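Questions regarding the structure given below will be posed in turn.
The values are calculated or read from the model by the stated rules, or taken from the named source; none is laboratory data. Since the model is a prediction, treat every value here as computed from it, not as a measurement. As a convention, Cβ positions derive from the backbone with ideal geometry for all residues, glycine included, and neighbour counts pool all protein chains shown. Keep in mind that these areas ignore ligands, DNA and RNA; they rest on the heavy atoms of the full protein, side chains included. Shrake-Rupley method; radii C 1.70, N 1.55, O 1.52, S 1.80 Å.
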Amino acid sequence: MKHILLVVLAPLLVFVLIAAKPEKKYYDEVLRPQFHFSPPENWHNDPNGLIFFEGEYNMFYQYNPNGKEWGYMHWGHTVSKDLVHWEHMPIALFPDNDSKDIKDFTAFSGTAIVDETNLLNFQKGDIKTLIAFYTCYKGGQRIAYSTDKGRNWEKFEGNPVIPFDETDDARDPKVFWHNPSQKFVMVLYREPDKDESKRGFSFYTSTNLIDWDFKNHMVGFYECPDLVELSVDNRPEDKRWVLIDGDGSYIIGSFDGETFKSESEKLPGDFGANFYATQTWSNIPKEDGRTIQIAWMRDGKFPGMPFNGQMSFPCELSLKKVNDKIRLIRKPVKEIELLHGKNYNWENKNIIPGLDENLIKKVKGDCFHITATLDIKTSDMFGFMIRTGRKSAGAELLYNVKKGTLSCLGKTVSLNPIDGKIYLEVLVDRSSIEVFCNKGIAVLSGCFVPDAKSEGMLLFTQGGELMVDQLDINEINSVWRKE
């Protein structure tokens, strides 16, 4: 009887012992971003096929399932209902021709749209079909489609829709519907004749998504094109088109469905070291009205981590007149507030150099959303030291008054005060700092490798007094753990 009882109780005892062990914290590695997207493991880069559909923000991305280095490109997939909490999905697109090569016939970057009128006749039931346009390396521009909200994909039997040309490096199709001309537009990066001086974006049009007519080519661009229309200063009657290059730099102008005409010089979209392959979400509802952009934080370092790469935080784009010139503004999406934890707030605090006092000495941690309005007064330079500790001075965010520059993580941008004040919005994650200057007119996006045990923060001024008109520091809760 005792033997039978032991046989019965043994599995139960094992279960209890296993259940009693503390659950491993998900996504809690020392350099794991807590509110920026990163894959569970392996390499990832460009965001692809960004599309809002059936209440979900779909984000596909370049992904190597075989390791932490670039190669064997697939389309990874993740979805979110709020742009901050992401659910990992199975791989969406695989290499063509059953390729096992590190590069040939793999699935490079592209875009996605909704087939609103069932042009390709793939729709099943009431759910509209998603159409992905992607580059098959050495296989031309191709189509895949999904009839189940992006969960499963089929390759179009008529591929490629634009054949491969061995004399041309053509890739990264951006496709959208242009209502005034009643045509679909494709913007495609190309290097005709493999001539670097001819690198740029080509414009194609189509009425059926399959047959594409070449219209013209603009030189001076490299990879991952995007083209969006935005209102100036929120005036619906005053709109411009913004043509965005792979590094986030942009030109403002007009677009008639075939030809882009520049009205500005090419301007930098980000002044940091780690911002690339920018894309915007398509199909965002009119009642929302936002244009939302995300990018790969290129060249970030994640030593000892199971993954390699992270995305920037999603941002809303707008156009604003600044000193009679139109400029692109970028700000973190409002959904960042869903992650706010403990709040620290100061108003009208005068900071005097030389005094051994740190206004924000009580702030400890590794993830923060900082907003600050700082009156320069008589200061020569001021800023923050982020992730300070006994063994590390941390990362310096410094404004130099005499030079009129703001620097962070080795990069610098010219920044003029607004009525004697500097406005800062800063996102600090475990492996990145994004600084939005003067209400989004300039941004520095950078990755860093902080000391894991350094969680302090310092606000300082040198050479004169600094007035803190307003300073809010919100701790950010992890999107991967239930608090």
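Search segment 274-301 for residues being among the aliphatic types (A, V, I, L, M) and not in a strand (DSSP E or B), and hand back the single one that is least open to solvent (accessible area, probe 1.4 Å).
The qualifying residue least open to solvent (accessible area, probe 1.4 Å) is Met297.
OK, next. Suppose we filter Gly49, Gly71 for residues that are part of a loop (DSSP other than H, G, I, E, B), out of contact with any Cys (no Cβ under 7 Å at 6 or more places or on another chain) and not charged (D, E, K, R); which single one remains?
Gly71
Moving to a separate point now. Hey, Ser454 hits all of (1) at pLDDT 95 or above; (2) among the small types (Gly, Ala, Ser); (3) part of a loop (DSSP other than H, G, I, E, B); (4) out of contact with any Gly (no Cβ under 9 Å at 6 or more places or on another chain) but one; which does it fall short on?
Among (1) at pLDDT 95 or above; (2) among the small types (Gly, Ala, Ser); (3) part of a loop (DSSP other than H, G, I, E, B); (4) out of contact with any Gly (no Cβ under 9 Å at 6 or more places or on another chain), Ser454 violates only (4).
Kindly indicate whether any position in segment 430-437 is surrounded by fewer than 20 Cβ atoms within 10 Å (Cβ to Cβ) and either free of Cβ contacts under 8 Å to residues at least 12 places away in the same chain or closer than 29 Å to Arg327 by Cα (or both).
no
Is it the case that some residue within segment 159-173 is open to solvent by 60 Å² or more (accessible area, probe 1.4 Å), among the aromatic types (Phe, Trp, Tyr) and at pLDDT 95 or above?
yes
Which ones in segment 136-172 are touching an Asp or Glu at 6+ places or on another chain (Cβ under 7 Å), within 26 Å of Phe53 (Cα to Cα) and touching a residue at least 60 places away in the same chain (Cβ under 8 Å)?
Hits for segment 136-172 are Lys149, Asp172.
Filter segment 174-220 down to the residues that are over 17 Å from Val242 (Cα atoms), part of a strand (DSSP E or B) and among the hydrophobic types (A, V, I, L, M, F, W, C), then identify the one that is least open to solvent (accessible area, probe 1.4 Å).
Per the criteria, the residue is Phe184.
Tell me the residue from Ser254, Ser231, Ser249 that is in contact with a Lys or Arg (Cβ under 9 Å, 6 or more places away or on another chain), surrounded by 14 or more Cβ atoms within 10 Å (Cβ to Cβ), of a type in the set (S, T, N, Q) and without any contact (Cβ under 8 Å) to a residue 40 or more places away in the chain, please.
Selected residue: Ser249, the only one of Ser254, Ser231, Ser249 that is in contact with a Lys or Arg (Cβ under 9 Å, 6 or more places away or on another chain), surrounded by 14 or more Cβ atoms within 10 Å (Cβ to Cβ), of a type in the set (S, T, N, Q) and without any contact (Cβ under 8 Å) to a residue 40 or more places away in the chain.
Here is a further query. Which of the residues spanning segment 457-473 are open to solvent by 20 Å² or more (accessible area, probe 1.4 Å) and in contact with a Gly (Cβ under 8 Å, 6 or more places away or on another chain)?
Scanning segment 457-473 gives Leu458, Phe460.
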